[in-house]
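Take a look at the structure set out below.
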Amino acid sequence: MKKFLAIFLLSSIAFTACSTIQSEPKRAAMAMAETSCLLFDENIDFTKIGEQTSEIMEKYGYEDNAKIDDYLVSIADTEELNEVSVELRTALETNCGDLLTESGIDAADLAEAIVFE
């Protein structure tokens, strides 16, 4: 029994350490970045953006865009909001940096506008 318990605890620790569960700031930033990038991708059918946005929101655990807005309001004027901004800038640069550059938009400026306005 002790052996089983030890194996269970070790496997639980290993699973937790290797888990890909992301923090709330990172999940929110990734969802916002991916949905923002849709607007700059010429290969995306404009009529499908709403559907794709919903899929992205679900992928990151949000029912809809309003849930992210509620989250941002709940962390206003905190260090966590700054963390979201940094994560968003990084995600924008990673996901659609070239598209933003071609459009003359700076990822940092866009991230700040999305998060703080």
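The values are calculated or read from the model by the stated rules, or taken from the named source; none is laboratory data. Every value quoted in this text rests on a predicted model; they were computed, and no experiment measured them. Note that we place each Cβ from the backbone using ideal geometry, even for glycine, and neighbour counts take in every protein chain shown.
I'd like to check something: does region 84-94 contain any residue that is exposed (fewer than 14 other Cβ atoms within 10 Å of the Cβ), under 15 Å from the mean Cα position of the chain (by Cα) and at pLDDT 95 or above?
Narrowing region 84-94 to residues exposed (fewer than 14 other Cβ atoms within 10 Å of the Cβ): 94.
Filter once more, keeping what is under 15 Å from the mean Cα position of the chain (by Cα): 94.
Imposing the further condition that a residue be at pLDDT 95 or above reduces the set to 94.
Yes, region 84-94 contains a residue that is exposed (fewer than 14 other Cβ atoms within 10 Å of the Cβ), under 15 Å from the mean Cα position of the chain (by Cα) and at pLDDT 95 or above.
Can you tell me which residue among Glu79, Glu24, Glu58, Glu42 is acidic (Asp, Glu), loosely packed, with under 12 Cβ neighbours inside 10 Å and more than 15 Å from Phe116 (Cα to Cα)?
Numbers: Glu79 fails: more than 15 Å from Phe116 (Cα to Cα); Glu24 fails: loosely packed, with under 12 Cβ neighbours inside 10 Å; Glu58 fails: loosely packed, with under 12 Cβ neighbours inside 10 Å.
Result of the check over Glu79, Glu24, Glu58, Glu42: Glu42.
Out of all the residues in region 55-64, is one or more of a type outside the set (Phe, Trp, Tyr), touching a residue at least 12 places away in the same chain (Cβ under 8 Å) and within 18 Å of Glu83 (Cβ to Cβ)?
yes
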